[in-house]
Amino acid sequence: MKIIIAGVGKVGASLTAELAADGHDITLIDTRSDVLERLCTQYDVMGLEGNCATMQVLKDAGAAEADLLIAVTNADEINLLCCVTAHQLNPRIHTIVRIRNSEYTSQIMELRDVFGLSLIVNPERSAAWEIERLLRYPGFLTRESFAKGQVELVEFRIDADSPLSGVTLKNLPSVLKTRVLICAVMRGNGITLPGGDFELQAGDRIYMTAPARELSNILRNLGVITHRVKRVILGGGGRISFYLAQMLERDGIQVQIIDQDRARCEDLARKLPTVSISCGDITDPSVLEREGIASSDAFVALTGLDELNIVMSLYANSQKVPIVITKQGRIEELQDIISGLSLGSVISPKQLCSDIVVRYVRSMRDTTGETALTVQTVAGGQVQACEFVIGPGTLHKDTPLIELNKKIKPGILIPAIFHEGTVTIAGGSSRYQEGDTVIVISTINKNIVRFNDIFA
């Protein structure tokens, strides 16, 4: 497809990398020539310097013939005008707009047809929603949903006193009392797609596939206390904190926001009259102690500085806060540093936003189910989880997986199949049929775009 990306900040650059890897014809628009030159060289895409909201620049970028425009500049108004102008040039074009200002959200949703918008994304709202999901199941570091929420890929860290420490995978059902599949194990900075004789150790981060309905049972059988979260402290009063506070209040959870910017605190107090807002230096341990961090059920570090979020989360962990969640904007750059730190769950708004857009693009490109509908990366970007709907051209339908193992490339496995409303954790006798949803796990270098790519 011919895609125009207007604005190549963090999200735009991430989208360029993912969509270029999928083989799309991409044109970038930005006012910064140095950024364009770097990305064009790195990903073999076209670049155009200029204001993406002007008709001439969009004409020069080929909007009249493009299939999709993604507007992700730093200004909501420019993004919106860019999409409206592109739609005027090409009524058939799909447009995706990033809107971050909460004051615009409701009216943009109501007027999306007037503006010709195909998809509206908000990285901060997406991050808040993901954090809320994690707070529902304390114990899992990350959760990725597939098959319309019926299948989950969850991350769990094995502590020294965990019942999983020293257990081989073939004996796992006797511990968890339910069928799951360990798709990947991260030990140190290395990743393994393990077999049945693999022995788990304390410190391992494991990625397991399970039916969504079994998550509570899994945590219970692991001895993880899943008491309801009642009080959460949010470090930083930005957009994510605003959206998250609204969501948690609806869930009946007490929320406290700490920020050192007095004007921001006063603004939040007006918008969130029932939320406790404290103005103070969140780098000062005495401030956190005064606000009762040690007695909170969860702490979420949400400032605009990655390094500060890391320090705050480490302090919260030292105070034995049961749930710690850390926002990171430059997660790829800092991955080697943060992978060994006790930061709890790590959330990247940029990556969440990119995932939503890429999922939409893949659903546009292929309606037969041959290409990946959903692609998620885990284990510090070393493992890829793809969701496919089996189509008429898929190879080896109705063949037991035990026979397919000889045909599947090394470093690839099928952990789950969703058939007629039922999730099956895959075993040797499992097989897929046309219309089924199949999850595929692979190391990141396998480049699995279509389901048939898994076969040698």
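The values are calculated or read from the model by the stated rules, or taken from the named source; none is laboratory data. If you're wondering where the values come from, they're calculated on a predicted model, not measured in any experiment. When we count neighbours, we look across all protein chains shown, and the Cβ atoms used for this are built from the backbone with ideal geometry, even at glycine.
Only a single item in (1) basic (Lys, Arg); (2) under 16 Å from Leu343 (Cβ atoms); (3) surrounded by fewer than 14 Cβ atoms within 10 Å (Cβ to Cβ) is not met by Lys327, and it is number (3). The residue list Gly421, Gly428 contains one member that is closer than 22 Å to Pro173 by Cα, loosely packed, with under 14 Cβ neighbours inside 10 Å and out of contact with any strand residue (DSSP E or B) (no Cβ under 9 Å at 6 or more places or on another chain), which is Gly428. Meeting the requirement of 3 or more residues that are at pLDDT 90 or above and of a type in the set (Lys, Arg), the helices (runs of 4 or more DSSP H) wholly within the stretch 196-288 are 262-271. Looking across Ser165, Ser145, one residue alone is of a type in the set (Ser, Thr, Tyr), closer than 22 Å to Ile323 by Cβ, surrounded by fewer than 19 Cβ atoms within 10 Å (Cβ to Cβ) and touching a residue at least 60 places away in the same chain (Cβ under 8 Å). It is Ser145.
I'm trying to understand the selection: among the residues of the stretch 176-187, which are without any contact (Cβ under 8 Å) to a residue 40 or more places away in the chain and either outside any strand (DSSP E or B) or in contact with a Pro (Cβ under 7 Å, 6 or more places away or on another chain) (or both)? Write out each step before concluding.
From the stretch 176-187, those without any contact (Cβ under 8 Å) to a residue 40 or more places away in the chain are 182, 185, 187; that's our starting set.
The answer is Ile182, Val185.
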